[in-house]
1. Students often get this wrong, so check it: of 181/270; 252/297; 71/126; 212/253; 77/293, which have C-alpha atoms separated by over 21 Å?
2. Cα centroids of segment 14-36 and segment 139-162: how far apart, whole angstrom?
3. Enumerate the helices in the chain for which the Kyte-Doolittle hydropathy averages 1.0 or more and the C-alpha atoms extend at least 18 Å along the helix's axis, using complete DSSP H runs.
4. Label residue 77 and residue 335 with points 7 Å out from Cα along Cα→Cβ: what is the distance between them in nm?
5. For residue 219, enumerate residues with amide H under 5 Å from its amide H, sequence gap 5+ or separate chain, H modeled in the peptide plane.
6. For a quick check: with amide H placed at 1.01 Å from N, whose amide H comes under 5 Å from residue 151's, ignoring anything fewer than 5 positions away on the same chain?
7. Treating segment 1-128 as a set of equal point scatterers at the Cα positions, no solvent, please give the Debye-formula log₁₀ I(q)/I(0) at q = 0.19, 0.23 Å⁻¹.
8. For segment 283-344, what D do you get in µm² per second when you plug the Kirkwood radius from alpha-carbon pairs into Stokes-Einstein at 20 °C and 1.002 mPa s?
Amino acid sequence: MSFEFIRKLPAPSEIKEQYPVPEKLAAMKAQRDGMIADVFTGKSDKFLVIVGPCSADNEPALLDYVERLAKVQEKIKDRVIIIPRVYTNKPRTTGEGYKGMLHQPDPEKKPDMLNGLLAIRHMHIKAMDVSGLTAADEMLYPDNYRYLSDVLSYVAVGARSVEDQQHRLTASGMDVPCGMKNPTSGNLSVMMNSVVAAQIGHTFLYRGFEVKTTGNPLAHTILRGSQNKHGQCIPNYHYEDIMLLDQLYKEKKLTNPAVIIDANHSNSNKQFKEQIRICKDVLHSRNYSAIAKNLVKGLMIESYIEEGSQPIGCDNHIYGKSITDPCLGWNDTERLLYDIAELV
């Protein structure tokens, strides 16, 4: 029952100095950040689609995927802003199993977090370069956010982390949108309190420093469904759920009320094909109600090159197929993105 200190990892500033973001990409990110922020503040009526694999498990397939997204983005840029999901940390309900490239840059080898940090930073920068798009990632470990703070345009705090104090306080120091998911229990007050905490400033302990933040006005909610005490999935993407959330926002009097609807996870009961129907249902609610249109700023979709999922290390490994949760395939994804652009 003890810690084994394997090695001291470099500070984020050291990693950033070793692998800097080229000036051209930094300028592109600043422009994209402004466009995305304008959606949350209401200055822009464009719609966000945060789309990509459940877990970005290898660089070649991820780069292939984001290049495909870039071609679609060019065709729908007047209505939709695509934010690739480049998720390099994978939360696990029991702590077992593959935890993402940060832990294992090669999913079939032992954990190596130093090379994992280098691999995910390299992949994020390369993805920006080949696609012209800046990405979203999940903040599984608040202390690691600074390793990627200059490449991310969107951060999500997962259902198992949203009640954690350090996640909330770290989000208060971000200058990009940070989405707080409802917890697996479905308790919306937990999610709303997380947004309150992220939108105000704090003084706290971070990476061995006493730090002060000014609050993140772009912190917002993500509805991802929940589970009841019997383990049954309870969706919360419906019109009635959106109206309830609008009322909760009004009670809290929060800045920039906004929600992203996660079409997978407990909203789809992990039936990945259901994401197509759910996205269209959400867009129908937006078109029916001005309240829903103003509140729902985007969708979150799990998608990869090949549909479904496969186990790690299988003999007939399929390129571009998820090794974690099942995802939509590319053909369905491309068609859905065009449909979303037509419906917003």
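1. 212/253
2. For segment 14-36 versus segment 139-162, the Cα centre distance is 16 Å.
3. What comes out of the filter, once short or polar helices are dropped, is none.
4. That separation, rounded to one decimal, is 2.7 nm.
5. Answer set, sorted by chain and number: 178.
6. The list, which skips near neighbours in sequence, is empty: none.
7. Debye intensities relative to I(0), on a log10 scale: -1.18, -1.40.
8. For these conditions, the coefficient is 159 µm²/s.
Coordinate-derived values only; no laboratory data. What you are looking at is a predicted structure, and each value in this text was computed from that prediction instead of being measured. Glycine also receives a Cβ, built like all others from the backbone with ideal geometry; neighbour counts cover every protein chain displayed.
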